[in-house]
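**Q** One structure is given below, represented as structure tokens, and several questions about it will come after.
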Amino acid sequence: VDVYQAWCGPCKPVVNLFQKIKNELGSNLLHFAVAEVDSIDALEKYRGQCEPVFLFYTGGELVAVVRGADAPLLQKTILKQL
């Protein structure tokens, strides 16, 4: 989940990274979503930050968090979680 603030917007370059990985793996296990923190109370702790935050869930449980648009770290985290 790409967690963002309305004034900052979702991290669009990372969408391409997720799409590339999904195409390479051909996996139905990887799903990408965006969530605006001001409209979701459960994400309140991520408000007021100007860097993107990526939350990784497996079976409805938060398993990893990556702060910032660090493509190599995001790719490593995705592959580890898959």
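**Q** Starting from the range 1-49, pick out the chymotrypsin sites (Phe, Trp or Tyr not before Pro) whose DSSP state is loop and whose Cβ has at most 13 other Cβ atoms within 10 Å. All intermediate terms of the calculation are to be shown ahead of the outcome.
**A** Details: sites: Tyr4, Trp7, Phe18, Phe32, Tyr46; in loops: Trp7, Phe32.
The qualifying sites are Trp7.
**Q** What percentage of the solvent-accessible surface of the chain, computed with a 1.4 Å probe over protein heavy atoms, is contributed by carbon and sulfur atoms? All intermediate terms of the calculation are to be shown ahead of the outcome.
**A** Numbers: 2810 of 5230 Å².
Carbon with sulfur: 54 percent of the solvent-accessible area.
**Q** From the phi of every residue in the range 60-71, what ³J(HN,Hα) in whole Hz does the Karplus formula 6.51 cos²θ - 1.76 cosθ + 1.60 yield, where θ is phi - 60° and glycine or proline is x?
**A** Karplus-based 3J(HN,Hα) across the range 60-71 equals x, 10, 5, 10, 7, 9, 10, 9, x, 8, 8, 4 Hz.
**Q** Kindly express, to the nearest 10 degrees and within the range 0 to 90, the angle between helix 12-25's C-alpha long axis and the longest C-alpha principal axis of the chain.
**A** 20
**Q** Can you give the relative contact order of the chain as a percent, counting alpha carbon pairs under 8 Å and 6+ residues apart?
**A** Relative contact order, the chain: 34 percent.
**Q** Please compute the per residue accessible area over the range 2-68 with all protein chains in place, 1.4 Å probe, rounded to a whole number of Å².
**A** Values: 4230 Å² over 67 residues.
In whole numbers, the range 2-68 has 63 Å² accessible per residue.
**Q** Provide, in order from the shortest bin, the percent of all Cα-Cα pairs of the range 2-68 in each 5 Å bin, continuing until the bin that contains the maximum pair distance.
**A** Pairs per bin, as whole percents: 3, 16, 26, 25, 18, 8, 4, 0.
The values are calculated or read from the model by the stated rules, or taken from the named source; none is laboratory data. Bear in mind that the values here come from a model prediction, so they are computed numbers and not experimental data. FYI the Cβ positions are ideal-geometry reconstructions off the backbone, even for glycines, and counts take in every protein chain you see. When the accessible area is computed, the model is the full protein with side chains, heavy atoms only, and any ligands, DNA or RNA have been set aside. Shrake-Rupley method; radii C 1.70, N 1.55, O 1.52, S 1.80 Å.
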